[in-house]
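Comments concern the structure below.
Read the figures in this text as sums done on the coordinates, not as results from a lab. In this text, all values refer to a predicted model and were calculated from it rather than measured experimentally. Here Cβ is always computed from backbone atoms with ideal geometry, including for glycine, and neighbour counts include all displayed protein chains.
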Amino acid sequence: MKKEGPIRYSSQYIGERCRTLADHGLLTHVGNGVYTITEDGRKYLRGELDTGELESSEENGEGAAQA
């Protein structure tokens, strides 16, 4: 089995993805580009949460997550 090198993404791309995950309640932005995973995020990783049940903060009237 051939081992591949790291997958490279820009910090801008990673920030955009983290903001999207935070907007859907899977991450919490704690400041300075640092995020923590929420309980819903843990449930999703364990396969216990259907993403169809999630709605963004924009959809539920809270506005966009700040990053």
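A few comments on the model shown:
- Close amide H partners of residue 55, meaning residues 5 or more places away or on another chain with modelled amide H under 5 Å apart, do not exist here.
- Summary of packing: across the peptides 7-16, 22-31, the per-residue average of other C-beta atoms within 10 Å ranks them, highest first, as 22-31, 7-16.
- Residue 43-residue 11 FRET efficiency (beta carbon distance; Förster radius 25 Å; 0.05 resolution): 0.35
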